[in-house]
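Below is one structure, written out as structure tokens, with a few remarks after it.
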Amino acid sequence: MNFLSRTGSVGIVRCALAFLLAGCAANQPYHLGEAPTETAVTPAGDATAKDIYRLGFIEFDEQGDFWDRDQLRKTVQAIRDTGRGILLVTYIHGWQNNSNSTDAADVGQFRSLLARLTADQTVQMSGLQVFGVYLGWRGRVVHKVNPVVDALTWVGKQASFYSRKNAATRISSSTPITEAIFTLIKTARRDTPGNSRCVVIGHSFGALVLEKALAQALVGTLLYEEPFAPGVEKSRADRVFKPADLILLVNSAAESIYAKELIDMYRDTTPLRGGPHVIMISSDADMATGLAFPIGTKLSNAPKMLSGSFRKYHEDGRDTSQFNYFTQTPGHNDSVQSHRLVPVAKGKSDLGADPFDLNLKNRAGSYENVTLYTGTRYDWTQWRIERQGPNQTNYWVLRVPKQIIPGHGPIFEGESRDLMAALFRLATKPEAAERSVPVKVRSSAEGPVQKTEQRLQRVRATGETVVTPVQPSASDTHPPEH
């Protein structure tokens with residue numbers, strides 16, 4: 001009897017383990033060998049354009065390496081084969097998602113965005129081919145199986161926060177993710193004819209990946225400048241390089257220290273109140289980044305705080321602990337906020353177009369007090385993007401109410417998708433101030449100049465930029481004898 005009870009118990013345990021393990025998501029790719037595919041879209045109105053979008057997948061393993069570099073090669077070749085300018089939308093998903101379309105809703109929701117862009121009249125009139133690229137990683141460790149198994153594995157799914165955050169940090173620090181993003185943008189801008197546009201979106205831990213993966217590149221491209229040459233005119237746009245037309249971070253699950261460091265750099269290197277280079281959207285209703293993230297990170301950072309590892313920052317007459325920047329996401333840290341979306345009006349009259357289409361018709365390049373619409377053509381809300389907060393730089397941190405994004409996700413539906421259309425439009429044209437300016441290069445009275453360092457002086461009255469070469473120092477001209 002004891003033997004039977006023991007064996008019966010073992011059998012029950014084994015069945016239970018097998019039952020639970022059936023939900024474990026393996027560390028594996030889901031799209032090996034696949035080339036980007038075409039998907040037909042129902043034409044909007046009287047559209048006659050070829051209504052398709054293309055979608056490719058590039059996947060990364062737990063350590064941040066490509067599962068197969070051939071995925072990148074095939075995607076690049078598909079962009080080149082398009083034969084015309086493209087609207088490239090690259091997306092990095094977040095926690096509880098992966099590139100398995102039957103496992104998580106993210107792939108289907110991203111497809112809905114691509115389909116909506118493809119059907120839009122403004123996009124069709126531009127002649128751009130919509131091309132999406134889904135950058136996948138193991139953001140989900142538990143498969144969807146059935147309601148019973150999903151309920152039993154719920155705790156394990158939530159407990160994956162730390163392991164998935166660590167995985168996202170590893171991926172963001174690896175070379176392949178940055179290589180993939182810049183290779184796609186380079187191919188779209190240089191290898192396809194026409195005026196291509198590039199958008200990069202990251203959500204949740206995917207926003208962490210995107211922000212950190214591009215941070216070093218942003219610093220390098222923003223601070224480096226080719227020396228001026230005599231007779232050459234440059235625009236201010238030439239001097240501030242944007243890696244993509246729009247870098248969009250949605251409900252970022254990253255420590256706000258990364259945003260602070262970039263905001264500090266932008267404050268010192270670019271004109272204030274300029275057009276956005278990066279836009280971070282955070283929902284007031286996002287409890288994952290507003291409540292759960294601080295709880296989890298405060299527990300993990302408590303030993304550092306007790307040991308005195310965090311310093312104090314002096315901000316606007318008050319002291320702020322560095323601890324706050326490591327335990328709060330940017331969207332819930334008032335010290336880095338720059339904008340808020342505020343309601344202006346509500347109505348049920350005919351707008352003349354769907355809000356998504358209407359927002360894509362906004363005046364391109366306009367970025368101060370932009371108005372936009374959400375909802376439907378006959379039941380809409382008008383909003384305005386207002387500057388609110390101490391951050392006055394090109395690195396926007398925009399707070400939105402729950403009517404736009406009701407929680408941590410989804411992010412490609414309804415009002416949030418309408419907002420994205422407006423943000424894309426305001427970011428895809430150079431600023432009005434980025435006009436060509438005359439440049440004078442003065443020669444040196446001391447003879448030929450060996451060094452490439454140049455001192456810039458702007459003459460406000462004429463708008464000229466005067467460049468004076470810097471002479472080599474005495475130590476450079478006459479090196480010390482040994």
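The single condition among (1) over 23 Å from the mean Cα position of the chain (by Cα); (2) farther than 25 Å from L208 by Cβ; (3) open to solvent by less than 20 Å² (accessible area, probe 1.4 Å); (4) of a type outside the set (S, T, N, Q) that G85 does not meet is (1). Count of the range 161-197 residues, restricted to those that are out of contact with any helix residue (DSSP H, G or I) (no Cβ under 9 Å at 6 or more places or on another chain) and within 24 Å of F293 (Cβ to Cβ), is 3. The residue list T297, T320, T327 contains one member that is farther than 30 Å from V199 by Cβ and touching an Asp or Glu at 6+ places or on another chain (Cβ under 9 Å), which is T327. A single entry from D319, D284, D268 fulfils the requirement of being touching a strand residue (DSSP E or B) at 6+ places or on another chain (Cβ under 8 Å), of a type in the set (D, E, K, R) and surrounded by fewer than 15 Cβ atoms within 10 Å (Cβ to Cβ): D319. On the phi > 0 side of the Ramachandran plot, surrounded by fewer than 23 Cβ atoms within 10 Å (Cβ to Cβ) and out of contact with any Ser or Thr (no Cβ under 7 Å at 6 or more places or on another chain): does that describe G274? No, not satisfied. I'd like the residue in the range 116-147 that is basic (K, R) and at pLDDT 85 or above and, out of all such residues, is farthest from S99 (Cα to Cα). The selected residue is R116.
Whether any residue in the range 172-192 is in contact with a Phe, Trp or Tyr (Cβ under 7 Å, 6 or more places away or on another chain) and without any contact (Cβ under 8 Å) to a residue 60 or more places away in the chain is what I want to check. For the range 172-192, residues in contact with a Phe, Trp or Tyr (Cβ under 7 Å, 6 or more places away or on another chain) and without any contact (Cβ under 8 Å) to a residue 60 or more places away in the chain: absent.
Okay, residues lined up against (1) out of contact with any Lys or Arg (no Cβ under 8 Å at 6 or more places or on another chain); (2) part of a strand (DSSP E or B); (3) of a type in the set (S, T, N, Q):
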{"position": "Q63", "(1), (2), (3)": "no, no, yes"}
{"position": "L72", "(1), (2), (3)": "yes, no, no"}
{"position": "A78", "(1), (2), (3)": "no, no, no"}
{"position": "G83", "(1), (2), (3)": "yes, no, no"}
{"position": "N98", "(1), (2), (3)": "no, no, yes"}
{"position": "S101", "(1), (2), (3)": "yes, no, yes"}
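Can you name the residue in the range 368-386 that is in a strand (DSSP E or B) and open to solvent by less than 40 Å² (accessible area, probe 1.4 Å) and, of all such residues, is nearest to G331 (Cα to Cα)? Out of the qualifying residues, it is I385.
Quick check: is even one residue across the range 299-307 open to solvent by less than 20 Å² (accessible area, probe 1.4 Å) and of a type in the set (S, T, N, Q)? It would help to see each step written out before you state the result.
Residues of the range 299-307 that are open to solvent by less than 20 Å² (accessible area, probe 1.4 Å), as a first pass: 301.
Subsequent filtering for residues that are of a type in the set (S, T, N, Q) retains 301.
Yes, the range 299-307 has at least one match.
Scanning the range 88-104 for residues that are in contact with a Ser or Thr (Cβ under 6 Å, 6 or more places away or on another chain) and either at pLDDT 95 or above or open to solvent by 10 Å² or more (accessible area, probe 1.4 Å) (or both) returns a single hit, W95.
The rows are residues; the columns are (1) assigned to a helix (DSSP H, G or I); (2) among the β-branched types (V, I, T); (3) closer than 28 Å to N362 by Cβ.
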site	(1), (2), (3)
T90	no, yes, yes
W95	no, no, no
S112	yes, no, yes
V123	yes, yes, yes
Y162	yes, no, no
R170	yes, no, no
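Scanning the range 387-397 for residues that are closer than 19 Å to R425 by Cα and surrounded by fewer than 24 Cβ atoms within 10 Å (Cβ to Cβ) turns up just one, R387.
Test T289 against the criterion of being open to solvent by less than 30 Å² (accessible area, probe 1.4 Å), in a helix (DSSP H, G or I) and touching a residue at least 40 places away in the same chain (Cβ under 8 Å), and give yes or no. When the stated conditions are applied, T289 passes them. Put simply, of V130, V107, V76 the only residue that is under 24 Å from the mean Cα position of the chain (by Cα), under 23 Å from G202 (Cα atoms) and open to solvent by 10 Å² or more (accessible area, probe 1.4 Å) is V76.
For the range 322-359, filtered to residues that are of a type in the set (A, V, I, L, M) and open to solvent by 30 Å² or more (accessible area, probe 1.4 Å), the residue that is farthest from W396 (Cα to Cα) is L351. The residues of the range 401-417 that are touching a helix residue (DSSP H, G or I) at 6+ places or on another chain (Cβ under 7 Å), surrounded by fewer than 22 Cβ atoms within 10 Å (Cβ to Cβ) and under 19 Å from W380 (Cα atoms), listed by number, are Q403, E413, R417. Taken together, the residues in the range 172-195 that are open to solvent by 10 Å² or more (accessible area, probe 1.4 Å) and either in contact with a Ser or Thr (Cβ under 6 Å, 6 or more places away or on another chain) or not in a helix (DSSP H, G or I) (or both) amount to 6. For G11, the conditions (1) open to solvent by 50 Å² or more (accessible area, probe 1.4 Å); (2) modelled with pLDDT under 65 are fulfilled apart from (1). Checked against (1) open to solvent by 30 Å² or more (accessible area, probe 1.4 Å); (2) over 28 Å from T270 (Cβ atoms); (3) touching a helix residue (DSSP H, G or I) at 6+ places or on another chain (Cβ under 9 Å), N362 passes all but condition (2). Of the numbered criteria (1) closer than 30 Å to D418 by Cβ; (2) open to solvent by less than 50 Å² (accessible area, probe 1.4 Å), the one G156 fails is (1).
Between residues in the range 250-267 that are charged (D, E, K, R) and residues that are open to solvent by 10 Å² or more (accessible area, probe 1.4 Å), which pairs lie under 7 Å by C-beta distance while being six or more apart or on different chains? Close Cβ pairs (under 7 Å, with a partner that is open to solvent by 10 Å² or more (accessible area, probe 1.4 Å)) amount to E255/F326.
The values are calculated or read from the model by the stated rules, or taken from the named source; none is laboratory data. Nothing here was measured: the structure is a model prediction, and the numbers come from that model. Don't worry about glycine lacking a Cβ; one is built from the backbone with ideal geometry, like all the others, and counts go over all protein chains shown. We work out accessible area using only protein heavy atoms, side chains counted, and drop any ligands, DNA or RNA first. Shrake-Rupley method; radii C 1.70, N 1.55, O 1.52, S 1.80 Å.
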